[in-house]
Amino acid sequence: MKLIFNFLAVICFSFSFLSQTLEKAPLSENPYLPKQDEFTLKSGSNSFDSTIIFIPDTIGLPFIDDFSSSKFQTYEKNFSLPGIYSTIHYKLLDPTTSQPLDDYNKFTNVPTFKRTFDLSTGTFSDVNFSQVAVKVGDLRNYPVVYQIEQLYPAYYVYDTIGAPDVSDTVFILNPSFIQDSARQFFAPINDPSKIWIDNFVFHNFRYALNPRTLGVATFDGLNQRGFPYQINTTSSNVADRLNSKPINLGVNSIADSLYLSFLYQPEGLGDVPESTDSLVLEFYAPEMNQWFHQWSVAGSPVHDFRAVHIPITDNKFLKKGFQFRFKNYGALSGALDHFHLDYVMLRSQSYYDDTLFRDFAFVYPLNSLLKTYTFAPWDHYVNSTDNKMADELKVMVHNGSGTPENYQNGIVNVLQNGTQIGSYTLPGFTLAEQQINYAPQTTHTSFHNLTSGFQYPKNLGGTQRAFEVKASANAQFPNLPQNDSTTFFQEFYNFYAYDDGTAESAFGPTGTQSRLAIEFNAYEADSLIGVSLHFVPTVNDVTQKLFLLTVWDDNNGKPGEILYEDDAFNARTPIYSTYYNQYLHYYFTDLQKVAVGTKFHIGWRQLDPQRLNLGLDRNIDNSSKIRYSVDGGATWLSSPFDGSPMLRPIFSTGLDQTLGLNFKNPETVVWNIYPNPVNETLNISWSSDKEKGEVKIVDAFGRIQLSGEENTFDVSNLPAGIYFVKLSNHPTATKKFIKL
């Protein structure tokens, strides 16, 4: 669905709260995509100088990608790459010889002239210079396009009759046509393990619904950097593309046995593509330099992955340099209109009904062996007296064979620094759901008992708090072994987390003064110092909307007494991050510590009615921990949809120093502001230049009005009122002033 919020209203309240509820929305940004340079890298917008064009290698058959690992070509800005070479191109050329003109040649497209003054008559006369033909190149883009321009010399000559001879040539400053050059670099690629030229799609392990294997390629309205192609619009057009490398079909190609096969699914756990949206496949004929449409499917609600099997018989494709590409038509304003792609295979020795992807594979990766949480504070885990390991492990596997297959036992191994420290057996009988064999073409979900007593060792140093967990389960028939196992690292920090680090949706309450509270059951009582939040854009930018961080005591499973709340002078706003798996930390005012028991609630009270769009992980369901209120906290309601909130309370633990939470004390900086009150210019004095940093002037609602590293600020245009000066180098240092 495009710009429709896709909200889910759970209940209607009295008239004053009729429009207030908890809403869920699709994402309009994907903050998890790693940054990757485009296929052609450019250093600036005015010239292609010192840019690199990568020349892809040609690969052979078979072409196979199940997206369990990354097979997208990456591009390194390195001018010492093996085989790299360059050419230089000049802006001004002789139109006859195409040789570059000397640097002293400068031209303008404005007529220039020689002006002669006659002192005896007090008059002057002008004679225009003749035009000069110059071959001018546009160095903004490669390859360079040249055209002949009729130009004038970039100077004027002034002569005076009856006066001593003086310098009478006046050159034009910064004329439009001067000699310039740009060097273009070319880097041949030789990496057959990477089979895709670009990475506009989102390679992920969580967005599809019951995929056949680990990993899919997701098409939506976000570019390769995770930003909407055209945010705040209703435009629909071609969005993501996925281009294969050139493939050699000119040798050993048997036209009647060459097929391209793949699996696709609309929506998944994302947004439903409308019937006007589509996923498209095209083939490239290298000798004709032309793409041809081969297949497409319209958008629809989610269904199981479906197989497509297309023969390649036309002679124009059976050449060296053949390519194929997928692209989607849909909304360009965000992570909308999803299609998911899996198991792309181009192979010979196939036939018309050979659509079977005969593989045995994990469907989703595992993410934690802890009970309830994906992350927990190391100190809390070490100090806990009862076993915090999960009682069971959920495993989903798919038998891609066309016939029943004998089951095999699986295993989970836990390693620390490469040494095995524990293991669990995953009985094949349970994996196959009490059957002798895995049924053909089916996904099996099983739960395995983990109550053997194993725990992550607690007698490890602070730098040894990560454990490698490898799970494997396989069948007897030949298949792709990389899909028979999955690995994750169980790490301990200074926070609790319910989520797996990926957002499939965004959510939050609506209505002025509405509240969101997330329940946590800590391993021990301790002190909070803040919270990590992952906000995502959903069509409307809400980074100027205000909220107050709030911590509540527990009252029979619902938020009770307020233990902490920001004051109006320190209101917060959502901040968007575009880095992979990054949360932003919101620390309590003055870095105060808030003591909490083993059960507490943390969230916010928002001052504006708009939904703030906290990330929602739809792969793990902790919806029972989500509460919201639209009547001032008198009534607390439960979440109407499944998922885990991407909110992580931060504790004051022994890992503070390890994680870099070493803040300066405000008393360590000596500074002052004057005059106060102030009408026009506010001055800031420092005891030492090394204390200086960015200064922010914020209003009483916490909104930034001015910022910079200057010693003076012009505040004359600020409305009269109370303002605060904050220092980025010293987060707790604040001074108040009055603007007259």
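Out of all the residues in the stretch 524-562, which are farther than 18 Å from K593 by Cα, in a loop (DSSP other than H, G, I, E, B) and not charged (D, E, K, R)?
If the condition is that a residue be farther than 18 Å from K593 by Cα, in a loop (DSSP other than H, G, I, E, B) and not charged (D, E, K, R), then H534, V536, P537, V539, V542, T543, Q544, L546, N556, G557 are the ones that fit.
Scan the stretch 372-393 and give yes if some residue there is in a loop (DSSP other than H, G, I, E, B), closer than 30 Å to T598 by Cβ and aromatic (F, W, Y), otherwise no. Explain how you work it out, then say what you get.
Our first condition is that a residue be in a loop (DSSP other than H, G, I, E, B); within the stretch 372-393, this holds for 372-374, 376, 384-388, 390-391.
Narrowing further to those that are closer than 30 Å to T598 by Cβ: 372-374, 376, 384-388, 390-391.
Cutting the leftovers down to aromatic (F, W, Y) gives us 373.
Taking every residue of the stretch 372-393 in turn, at least one turns out to be in a loop (DSSP other than H, G, I, E, B), closer than 30 Å to T598 by Cβ and aromatic (F, W, Y).
Going by the structure shown, is L612 among the hydrophobic types (A, V, I, L, M, F, W, C), at negative phi, buried (at least 18 other Cβ atoms within 10 Å of the Cβ) and in a loop (DSSP other than H, G, I, E, B)? So that I can check it myself, show each step before the final result.
Details: among the hydrophobic types (A, V, I, L, M, F, W, C): yes; at negative phi: yes; buried (at least 18 other Cβ atoms within 10 Å of the Cβ): yes; in a loop (DSSP other than H, G, I, E, B): yes.
Judged against the criteria, L612 is a match.
Which of the residues that make up the stretch 229-256 are outside any loop (DSSP other than H, G, I, E, B) and in contact with a strand residue (DSSP E or B) (Cβ under 6 Å, 6 or more places away or on another chain)?
Taking the stretch 229-256 as the starting set, the residues that turn out to be outside any loop (DSSP other than H, G, I, E, B) are 236-244, 247-248, 255-256.
Within the stretch 229-256, S236, V238, A239, D240, R241, L242, N243, S244, I247, N248 meet the criteria.
Restricting attention to the stretch 593-645, and to residues there that are free of Cβ contacts under 8 Å to residues at least 40 places away in the same chain and under 28 Å from the mean Cα position of the chain (by Cα), which single residue is nearest to K371 (Cα to Cα)?
D621
Quick check, is S514 over 22 Å from S638 (Cβ atoms) and of a type in the set (S, T, N, Q)?
Numbers: over 22 Å from S638 (Cβ atoms): no; of a type in the set (S, T, N, Q): yes.
Criteria not met by S514.
Might you let me know whether the stretch 641-656 holds any residue that is of a type outside the set (D, E), closer than 28 Å to V382 by Cβ, part of a loop (DSSP other than H, G, I, E, B) and at pLDDT 95 or above? Don't jump to the end; show me each part of the working.
Step one: filter the stretch 641-656 for residues of a type outside the set (D, E), giving 641, 643-655.
Imposing the further condition that a residue be closer than 28 Å to V382 by Cβ reduces the set to 644-655.
Those still in the list that are part of a loop (DSSP other than H, G, I, E, B) too: 646, 652-655.
Next, from what is left, pick out any that are at pLDDT 95 or above: 646.
Within the stretch 641-656 (the criterion being of a type outside the set (D, E), closer than 28 Å to V382 by Cβ, part of a loop (DSSP other than H, G, I, E, B) and at pLDDT 95 or above), the answer is yes, since at least one residue qualifies.
Just one of L27, L92, L33 is at pLDDT 95 or above and buried (at least 20 other Cβ atoms within 10 Å of the Cβ); which is it?
Working: L27 fails: at pLDDT 95 or above; L33 fails: at pLDDT 95 or above.
L92 is the lone residue from the list that is at pLDDT 95 or above and buried (at least 20 other Cβ atoms within 10 Å of the Cβ).
Take the residues in the stretch 166-217 that are hydroxyl-bearing (S, T, Y) and in a loop (DSSP other than H, G, I, E, B), then tell me which one is nearest to A335 (Cα to Cα). Walk me through it before giving the result.
Filtering the stretch 166-217 down to residues hydroxyl-bearing (S, T, Y) leaves 167, 169, 176, 181, 193, 207, 213.
Among the residues that remain, those that are also in a loop (DSSP other than H, G, I, E, B) are: 167, 176, 193, 207, 213.
Working: S167: 66, S176: 44, S193: 29, Y207: 11, T213: 22 Å.
Step by step, filter the stretch 166-217, then rank; the result is Y207.
Conditions tested, residue by residue: (1) among the basic types (K, R); (2) under 24 Å from L370 (Cβ atoms); (3) in contact with a Leu (Cβ under 6 Å, 6 or more places away or on another chain).
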| residue | (1), (2), (3) |
| --- | --- |
| E491 | no, yes, no |
| G508 | no, no, yes |
| G511 | no, no, no |
| L516 | no, no, no |
| S527 | no, yes, no |
| P537 | no, no, no |
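Write out, first by first residue and then by second, each pair whose Cβ atoms fall under 8 Å of each other, whose residues are 6+ apart or on separate chains, and whose first residue, in the stretch 461-474, is not assigned by TED's automatic domain parsing to the domain that holds Q416 while the second is assigned to a strand (DSSP E or B) and modelled with pLDDT under 75.
Short answer, once both residue conditions are applied: none.
Quick one: which residue in Y586, Y628 is assigned to a strand (DSSP E or B), surrounded by fewer than 23 Cβ atoms within 10 Å (Cβ to Cβ), among the hydroxyl-bearing types (S, T, Y) and in contact with a Leu (Cβ under 8 Å, 6 or more places away or on another chain)? Please lay out each step first, then the result.
Details: Y628 fails: surrounded by fewer than 23 Cβ atoms within 10 Å (Cβ to Cβ).
Residue meeting the stated conditions: Y586.
For E76, which of the numbered conditions (1) acidic (D, E); (2) part of a strand (DSSP E or B); (3) closer than 30 Å to D342 by Cα fails to hold?
Here E76 meets the rest and fails (2).
The values are calculated or read from the model by the stated rules, or taken from the named source; none is laboratory data. All values reported here derive from a predicted model rather than from experimental measurement. Glycine also receives a Cβ, built like all others from the backbone with ideal geometry; neighbour counts cover every protein chain displayed.
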